[in-house]
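Encoded as structure tokens, the structure appears first; notes follow it.
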Amino acid sequence: RPHLRMHALEGLMLEQVPLAAIADALGTPVWVTGAGTLRSRYRRLEAALAEPSLGASIHYAVKANDHLAILRILSIEGAGADVVSGGEMRRAIEAGIPPARIVFSGVGKSDDELGLALSLSISQINVESREELERLSGLASACGRTARIVLRVNPDIDAGTHAKITTGLADNKFGVAYDEAADLYALAARLPGIEPIGFAVHIGSQINDPAPFRAAYARIADLVRRVREAGQAVSLVDCGGGLGISYRDEIEGSPRALAHAIRVTLGDLGLKLVVEPGRWLVAPAGVLLSRVLLVKQSAGRAPFVVLDAAMNDLLRPSLYEAWHGVVPLSARDAVQPAGPAHLVGPVCETGDTFALDRPLPHLAAGARVAILDTGAYGAVMSSTYNSRPLAAQALVDGSRWTTIRPRQPVEQLWAGELVPDWIAAGET
Ligand code: LLP
């Protein structure tokens, strides 16, 4: 992790900023994202995909981290957006991403959301079913517009990732069945208000091995050839997201290997190519800082190190048994080497566990740690369960840092709640 290093005096630094300074100023838990790190990852991905004969354009999957500052950084780099709701569409526009660079994905879109996409004339709507296709045709013709659609195909490929984030198996809810795709594409071409432009595929997330990408793209390439032979125009393939990172000891998904998988399968078809990466771009750029509330010793067993961050902040370990590195912020925070410990949050659920039997240095009450690789699917998946306000967020950029979201004031938790007046008056 080139952007994170341990400095003898300053402790753990993200880019040029000591993370302890941010924890001191804003308290914990606090999310910190490195803007320089994000930019350099974007440029690496862009360079790999920009190879001659490929020229794939990057539509950042907003769901991974939808903070306006993150979207703005990526928009300045030239990224488009892959959005999955009206809210994400509005955010992307708010951050300056033009509608012509917005792709709308998702297995269920409301009429309002489709209406918004049509009125903004975004670049493409990824349709996932015949039902959605027919509904969109009705909506588009009613307002006299034409929807450019891409048909998301389920290639029935096992991405070899966690069951909860695999999406390209025939049993998953995503996309239209491979064998029905050509017929549906032909139907789309006949429907009023619809202009089919191509196919999309997304087989899942946290995929480090390029083989399943290649297998999925090969199936899409066959489909494109068949549909063209039948006389239909296909100008675009959306290769989805899914490139993985190294949380523990995996070999990080390689942008060059991804580019290679795309080139050897789809490269010669004269297509406009699109990718929708989220995690690979932002996960390693973010950390979650937390403080040890207490260490609960239990005779003959590993101690419970109770943090002030919990599953309501970072859900991934509870939901997917995800592994995240944990490092003390400074030598002062790690007093001496110790044995394995359980790292847990204070929420009233056994699933509120960040790490089990993890060999950790001795962490006393008050010690501060960074939970690593939390820039993607971290803050965006937070809730206020147990009436825990949303944590603060900070952005580091080289040697500068600033707050990008203050800690949520506790009163805001109930600010929108209404108590009916007869109940407030004490009626029984
Ligand atoms: N495109 C589509 C259609 C998607 O469904 C997704 C992610 C992406 C792109 C971006 O995938 P990425 O490049 O980030 O892998 N919350 C889970 C991950 C859920 C991913 C959902 N779809 C986690 O924390 O691991």
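Residue by residue, here is whether (1) over 23 Å from the mean Cα position of the chain (by Cα); (2) loosely packed, with under 11 Cβ neighbours inside 10 Å holds:
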| residue | (1), (2) |
| --- | --- |
| Thr353 | no, no |
| Asp357 | yes, no |
| Ile371 | no, no |
| Ala376 | no, no |
| Ala379 | no, no |
| Ser387 | yes, yes |
| Thr403 | no, no |
| Ala424 | yes, yes |
Count of residues meeting criterion [closer than 27 Å to Gln408 by Cβ, more than 26 Å from the chain's Cα centre (by Cα) and aliphatic (A, V, I, L, M)] in the range 1-28
3
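Residue by residue, here is whether (1) within 14 Å of the ligand (Cβ to nearest atom); (2) under 16 Å from the mean Cα position of the chain (by Cα); (3) free of Cβ contacts under 8 Å to residues at least 12 places away in the same chain holds:
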position	(1), (2), (3)
Gly244	yes, yes, no
Glu250	yes, no, no
Gly253	yes, yes, no
His260	no, no, no
Leu271	no, no, no
Look through the range 160-181, keep the residues that are among the small types (Gly, Ala, Ser) and modelled with pLDDT of 85 or more, and return whichever of them is surrounded by the fewest Cβ atoms within 10 Å (Cβ to Cβ).
Ala177
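Considering only strands (runs of 3 or more DSSP E) fully contained in the range 310-428, which possess at least 1 residues that are within 16 Å of the ligand (Cβ to nearest atom)?
Details: elements: 326-328, 337-344, 353-361, 368-371, 392-397, 400-405.
Answer list for the range 310-428: 353-361, 368-371.
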Can you run down the residue pairs with Cβ atoms below 7 Å, 6 or more apart or on separate chains, where the first is in the range 396-423 and on the phi < 0 side of the Ramachandran plot and the partner is of a type in the set (D, E, K, R) and surrounded by fewer than 10 Cβ atoms within 10 Å (Cβ to Cβ)?
none
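Within the range 297-308, can one find any residue that is over 19 Å from Pro328 (Cα atoms), touching a residue at least 12 places away in the same chain (Cβ under 8 Å) and acidic (Asp, Glu)?
Keep residues of the range 297-308 that are over 19 Å from Pro328 (Cα atoms), which gives 297-301.
So of that shortlist, the ones also touching a residue at least 12 places away in the same chain (Cβ under 8 Å) come out as none.
Checking the range 297-308: not a single residue is over 19 Å from Pro328 (Cα atoms), touching a residue at least 12 places away in the same chain (Cβ under 8 Å) and acidic (Asp, Glu).
Just a yes or no: is a residue in the range 178-197 hydroxyl-bearing (Ser, Thr, Tyr), away from the ligand (no atom under 14 Å from the Cβ) and either within 17 Å of Leu273 (Cβ to Cβ) or assigned to a helix (DSSP H, G or I) (or both)? Don't jump to the end; show me each part of the working.
Just the residues of the range 178-197 that are hydroxyl-bearing (Ser, Thr, Tyr), to begin with: 178, 185.
Filter once more, so that each one left must be away from the ligand (no atom under 14 Å from the Cβ): 178, 185.
From what's left, either within 17 Å of Leu273 (Cβ to Cβ) or assigned to a helix (DSSP H, G or I) (or both): 178, 185.
Yes, the range 178-197 has at least one match.
The values are calculated or read from the model by the stated rules, or taken from the named source; none is laboratory data. Model, not experiment: these values are computed from the prediction. With ideal geometry, Cβ positions are generated from the backbone for all residues, glycine too; neighbour counts draw on all protein chains shown.
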